[in-house]
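Report on the following structure.
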Amino acid sequence: MTTLDAVDRALVHALHIDARAPFTKIGDVLGVSTQTVARRYRRLRAEASLGVVGLPDPQRPGQAEWMVRLTATPHTAQDLAHALARRADTAWIKLMSGGTEICVNVQTPAASDHSLLLRDIPRTVSVTAVSAHQLLHRYFGGPSAWLGRANSLDAAQIAALTPAHQGPGKPLTGEDDALMAALQRDGRASLAELAAATGWSAATVARRLADLQAGGTVFFDLEIDPAPLGATTQALLWMAVAPAHLDRVAKKLSTHPELALVAATTGSATLVAHALCPDAAALHHYLTHRLGALEAIRTLETAPVLRTIKAAASR
């Protein structure tokens, strides 16, 4: 397993704050050379699956986001997961619970025919059970993902790297398709590379990016294998919380460094969270001590994550 030293961890934290920060700026803040930052970035890309991807806000107006849980026969689950990964409407896919359960994040226009949910999956003979849960509100996740990777820089360094996006955001249009396709391939693509991909000038690309980022229409997500950062055990947590306590509990969970996602969802489980812990004992401690202290959580289902089949940076 790749070992991360203090410089590697500081670089990951810096990219967590601003995934498109120039290497020169990161080097100045970290007190290392630009060449060192670039070399470490390339190493982490090759050895720790580090990736930066530009993504549209999945909960922007006109969009719907779903978590679909599938149970498949043991010998077909992996093939089915890889088939789903090839679809454009799946954002990430995880193989879970002994290798027979698949959890799929689906992002589609709200007015779509929901072909994956209503037609394609039900026709798959290897699927023995399906449940679909619409994400009603993301309390945590996406542009502010797992805090466990953001614990290396001091307050002054964080302030120096935090981008100042000001002004109202602009909605995506069809003219942004080429820009978004390029950013989903490489969220750190240079302005010159983005200009070549879109046919715009570099100055136009810079202005459009600033407009889209200002209101959160587009964000830049950092992905990295969590194991080198000390998280070898992952699980999705499905919690039932009464509506009167849902907002309070979700906001509390959003401060937990063990979690990378907290969202309100439809179904019998009203909250879903993604936990990353050092090992099974640490996950048990988190469930019994941190979550166990929140009496408003009436039921809890823990679904271990065995493997990530698709992530945003691999789209």
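Residues checked against (1) in a helix (DSSP H, G or I); (2) touching a strand residue (DSSP E or B) at 6+ places or on another chain (Cβ under 9 Å); (3) of a type outside the set (D, E):
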position	(1), (2), (3)
D176	yes, yes, no
Q184	yes, yes, yes
A189	no, yes, yes
E193	yes, no, no
W200	no, no, yes
A203	yes, no, yes
R207	yes, no, yes
F219	no, yes, yes
L222	no, yes, yes
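Set side by side, the residues P278, P243 differ, and just one is open to solvent by 20 Å² or more (accessible area, probe 1.4 Å), in contact with a Gly (Cβ under 7 Å, 6 or more places away or on another chain) and farther than 22 Å from A19 by Cα, which is P278.
Results for (1) modelled with pLDDT of 90 or more; (2) open to solvent by 30 Å² or more (accessible area, probe 1.4 Å); (3) in contact with a strand residue (DSSP E or B) (Cβ under 8 Å, 6 or more places away or on another chain), shown as yes or no for each residue.
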residue: L116; (1), (2), (3): no, no, yes
residue: P122; (1), (2), (3): no, yes, yes
residue: V130; (1), (2), (3): no, yes, yes
residue: R138; (1), (2), (3): yes, yes, yes
residue: G141; (1), (2), (3): no, no, yes
residue: A155; (1), (2), (3): yes, yes, no
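Annotation: A21 fulfils all but one of (1) open to solvent by less than 50 Å² (accessible area, probe 1.4 Å); (2) within 23 Å of P257 (Cα to Cα); the unmet one is (2).
Considering only residues in the range 187-219 that are charged (D, E, K, R) and buried (at least 16 other Cβ atoms within 10 Å of the Cβ), the one that is nearest to V52 (Cα to Cα) turns out to be R188.
The single condition among (1) touching a strand residue (DSSP E or B) at 6+ places or on another chain (Cβ under 7 Å); (2) open to solvent by 30 Å² or more (accessible area, probe 1.4 Å); (3) on the phi < 0 side of the Ramachandran plot; (4) not hydrophobic (A, V, I, L, M, F, W, C) that G267 does not satisfy is (3). Please find, within the range 157-183, the residue that is modelled with the lowest pLDDT out of those that are out of contact with any helix residue (DSSP H, G or I) (no Cβ under 8 Å at 6 or more places or on another chain) and either under 28 Å from V262 (Cα atoms) or crowded, with 16+ Cβ neighbours inside 10 Å (or both). So the residue we want is A164.
The values are calculated or read from the model by the stated rules, or taken from the named source; none is laboratory data. In this text, all values refer to a predicted model and were calculated from it rather than measured experimentally. Note that we place each Cβ from the backbone using ideal geometry, even for glycine, and neighbour counts take in every protein chain shown. To get the accessible areas, we keep the full protein, side chains included, count just its heavy atoms, and leave off ligands, DNA and RNA. Shrake-Rupley method; radii C 1.70, N 1.55, O 1.52, S 1.80 Å.
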